[in-house]
1. Length gain on complete extension for the stretch ASP86 to PHE244, per 0.36 nm per residue less the alpha carbon to alpha carbon distance?
2. Compute the length gained on full extension between THR225 and ALA46: take 0.36 nm times their separation in residues and subtract their Cα-Cα distance, giving the result in nm to one decimal.
3. For LEU151 and GLU37 in one chain, what is 0.36 nm times their gap in residues minus the Cα-Cα distance, to one decimal in nm?
Amino acid sequence: MFKTSRLRRLLEGTTLLSACALSVLVARPAEACAPPEPGLESSVPADGAIYPGNAALLFEGFSISLDGVTVTVDGEPATLVPAPFDDLVSGHAVVVEPTPMAGQTVVVSGPFCDACEPETITYTAGPADVEAPQPIVESSFFAVYDHADFLSSGGDCMSDSDLTLYVHLSQMSPPPGEPTLVTIAWDPDGEGDAGFRRNVRVPTGAQVIPLSLVTEQFGGKDPLTEVCLEVTAFDAAGNAAEPFELCPACFARTDAIEHGVDTPAEPEWSEVDGVPGSPCAGEEPQTTGEETDTGASSSDTAPTTGGGSDTSGDPTGDSSSDTDSGGATGGEDGDKGCACSSNGGDPGDAGRFLLFVLGLGLALVKRRS
C-alpha cells in the first residue's frame, strides 16, 4: 500500500510537471486585440497655434465624428467642410468656411464622439499658404527589407506582410506646425490589378515612411530593380509639388527577423547592401535611427538617411497615418501596438521533453521500489 501511494504521488507530480512544461513550450495563439477607446488623439493645428487660414484642419482618433463639433471665427459662426483630399487621409480633413483672415481667432469646440467629453481647440489664422512643398528629389530614395513573412491570425489588429519598403523623402522643411502629406504609388500594369497606393501624413521632422507589403502586390516584378515609386508631396492647403519617381531601390537586405507588433526597425545600411546600378552601390555606409535636419538641402548623388523608422511603427514613435487603396499592410497605422501574441517552442520539442519527464518519474519509482 505504501509503495502504491508513493507511486501514485510520483506519477501525479510527474504529470503536473509535464503539463506545466507543455504550457510553456507549446505555441499559444495570438490574443484578440481590444479596440481603443473612442476619442480624439491629435489635431492639426494644436491648441494655441498659428496656422494658415486656408489650410485644412486634420483630426485623428478612433471612431470620431464631427457631427457635434462647431467652429467660430472671431466669435461668428462658421462651417467645417470636407477638404478636397479628405478621402485620401485617415481621420478627418476639413476646411473652415468662410476662410479665416490672418489674425482672426478660430475656435473649434464640441465632443468628437457620442460618449466623449467636449474639447476646445483655439488657434490664430496666419497668412494663406500658397507654396507647395519642396522635395529634394536627388536626396530621396527607397530601400527594401525582405524580413520573415508575417501572417495575421485575423484577431491581432495586424495585416499580412512579406517585406517592407523604407521610403526616404528629403525636403525643405515646411513652416512649423504644417504637415506634409505624401502619396506613394506603383501600378505595374496600369490597370490597378496589382501595385499599391498609400496616402501618408508625415509627422513633423520625419523623413522615413515604412510601407509593409505582400509579394502579390508586386505583380511578379522584382522590387529591387523593376519597381518605380511615384511620389507626390502636398500640404494641408492643397498645394502639390510636381510628382517624381524613385527607382531602382538603393539598398536591399534579406534576413529572418520576425515581424512582430511593430514594423521591423530599418537596418543600418552598409556598402554591401547597395543595389547594383543604384546611387547607393559603392558609397559610404549609410545609417538610420537619428533624425536629421529636414531643412538641409543636399546636392550629393549619394542619398542621406533621416528620422527613425515607424514603430507602430512605430515605425515612428509618432506614427505616420495612412490609407491604403491597394493591398494588405502590416506594421503601420492599423497595427499601433495593439497585437497581443506569444510564440512558443515547437510542439515536437514539447513532446520529447514530456517523454523525458515521464521516463524520469518511472525510473525514480523503480529505484524506490
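Any read-out appearing in this document is the output of simple, stated calculations on the displayed coordinates, not a laboratory observation. Because the structure is predicted, anything quoted here is derived from the model rather than measured.
1. Working: separation 158, 0.36 × 158 = 56.88 nm, distance 2.26 nm.
Going from the current span to full extension adds 54.6 nm.
2. Details: separation 179, 0.36 × 179 = 64.44 nm, distance 4.19 nm.
Extra length available between THR225 and ALA46 comes to 60.3 nm.
3. Working: separation 114, 0.36 × 114 = 41.04 nm, distance 2.61 nm.
Residue separation times 0.36 nm, minus the Cα-Cα distance, leaves 38.4 nm.
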